[in-house]
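Below is one structure, written out as structure tokens; the observations come after it.
The values are calculated or read from the model by the stated rules, or taken from the named source; none is laboratory data. Everything quoted here is computed from the prediction, not taken from an experiment. Neighbour counts are summed over all protein chains in view; Cβ atoms, including those assigned to glycine, are modelled from backbone coordinates with ideal geometry.
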Amino acid sequence: MNAVGIDVSKGKSTVAVLRPFGEVVKSPFEVAHTEDELSELANLLLSLDGETRVVMEYTGKYYEPIARYLRGAGLFVCVVHAMLIHNYGKNSIRRVKTDKADAVKIASYGIDRWLHLPEYVPEHDTRILLKSYSRQYNHYIKLKVMLKNNLIALLDQTFPGVNALFFSKPRKDDREKWVDFAVKFWHRECVCGLSRAKFHERYTAWCKRAGYKASREKADVIYDFACACVNVLPQNESTKTLMNITAAQLNATTDTLHAVHCEMLRLAQMLPEYPVVMAMRGVGVVLGPQLMAEIGDVRRFTHKGALTAFAGLDSPPFQSGQFESSKRNISKRGPSALRKTLFQVMDVVLKTAPADDAVFRVSRPKAQRRQALLRLHDGRSKQIPANLLRPYKRSFGKCLLALSRVGGDFFAFGILAKKYY
């Protein structure tokens with residue numbers, strides 16, 4: 001019975017091997033994440049007498065190379081939540097924090113929890129890629145919003161308010177008309193410095209070349225608006241360069257975001273639960289793949305309560321003696337990205353609610369609806385009045401409680417069913 005505790009860090013790990021009653025088999029030593037040293041470590045652990053189990057923490061993505069290698073070598077590998085290790089064995093006055101001490105602590109945890117250690121099963125490559133693309137998509141969305149606000153701030157100094165004149169939907173490649181317009185007509189003088197007929201001609205030619213719909217009425221609105229504007233920055237080469245650079249950054253981010261989304265959708269279509277998830281109300285071509293990416297392989301959850309706890313949406317009991325709390329917040333111990341995706345799905349459901357659906361017939365002012373959504377997102381459902389919470393409970397269950405038959409098993413996608421249905 002050998003418990004191997006591995007404290008993982010970037011590029012290297014600290015390994016300690018213990019047996020019951022504090023017997024030290026191997027004092028803590030360092031191992032680099034290279035082919036040779038991992039091979040030596042695997043051979044060493046396989047040569048030990050008795051059963052050997054390897055325990056390590058979730059540490060971002062650093063643990064995956066060593067966990068996959070040792071599992072591939074035939075060793076039992078268990079990866080546990082870092083909070084479980086952090087809260088284990090706090091029986092010392094001194095606060096010692098070293099890699100060696102952590103490795104010994106993890107090994108001791110493995111001995112105490114020997115019979116309850118779950119075996120590490122690596123995710124399929126498609127799911128790993130999908131989750132990586134989903135996280136990158138969220139990153140580029142934030143970047144795009146920042147760059148868009150930056151471009152609008154600069155336009156307010158050269159062509160104030162021109163972005164508000166365009167209402168057309170983005171093109172198939174997600175390019176927006178007002179951004180491309182700001183590249184061509186980056187200053188109000190680029191419009192009002194021409195005659196009305198000349199601007200009509202240039203605007204129409206630009207729309208055809210860029211793939212946008214040309215309208216004479218829109219050209220008149222833009223021309224009149226430009227003549228009434230007051231600029232701050234002058235019309236010179238320095239201002240033009242600044243505007244072009246800013247718009248080019250935004251367009252480059254938009255192109256990257258479009259490519260990431262296309263690949264994310266392609267990967268999601270390869271998974272068996274794709275048709276079930278996409279059939280849910282409030283789920284589209286963006287939120288569907290993100291929901292699948294954040295949940296992962298739903299077959300690893302034995303019941304819907306486990307899925308609820310994984311998302312951090314369960315309310316742990318709080319009771320002592322005769323006291324039992326009735327107002328508890330959600331644990332928020334799961335991935336925040338999953339809770340954000342679920343919130344966005346529910347937001348879409350409520351915004352697109354059919355008028356003839358009995359679930360949504362309760363009259364709710366917009367401000368109260370928004371407040372209820374925010375409280376649900378923050379886990380403060382107990383603070384919502386009963387008449388407002390009741391339809392939300394039912395809509396959560398109706399939207400997200402769907403059963404699918406994939407691979408011969410039934411899986412519950414009702415993340416919020418346990419709490420809200």
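A few points about this structure:
- Restricting attention to the range 298-317, the residues that are farther than 18 Å from residue 336 by Cβ and touching a residue at least 60 places away in the same chain (Cβ under 8 Å) add up to 7.
- All of 261, 187, 200 fail the test of being at pLDDT 90 or above and part of a loop (DSSP other than H, G, I, E, B), apart from 187.
- Meets criteria (among the charged types (D, E, K, R), modelled with pLDDT of 75 or more and outside any helix (DSSP H, G or I)) for residue 314: yes
- Some residue of the range 299-311 being at pLDDT 80 or above and more than 25 Å from residue 329 (Cα to Cα): yes
- Apart from one condition, residue 196 fits all of (1) in contact with a helix residue (DSSP H, G or I) (Cβ under 8 Å, 6 or more places away or on another chain); (2) in the same structural domain as residue 18 (by TED's automatic domain parsing); the exception is (2).
- Scanning the range 25-58 for residues that are of a type in the set (A, V, I, L, M), modelled with pLDDT of 85 or more and in a strand (DSSP E or B) returns 31, 32, 54, 55, 56.
- Boolean, residue 185 is crowded, with 18+ Cβ neighbours inside 10 Å, of a type in the set (Phe, Trp, Tyr) and either over 35 Å from the mean Cα position of the chain (by Cα) or outside the structural domain of residue 230 (by TED's automatic domain parsing) (or both): yes
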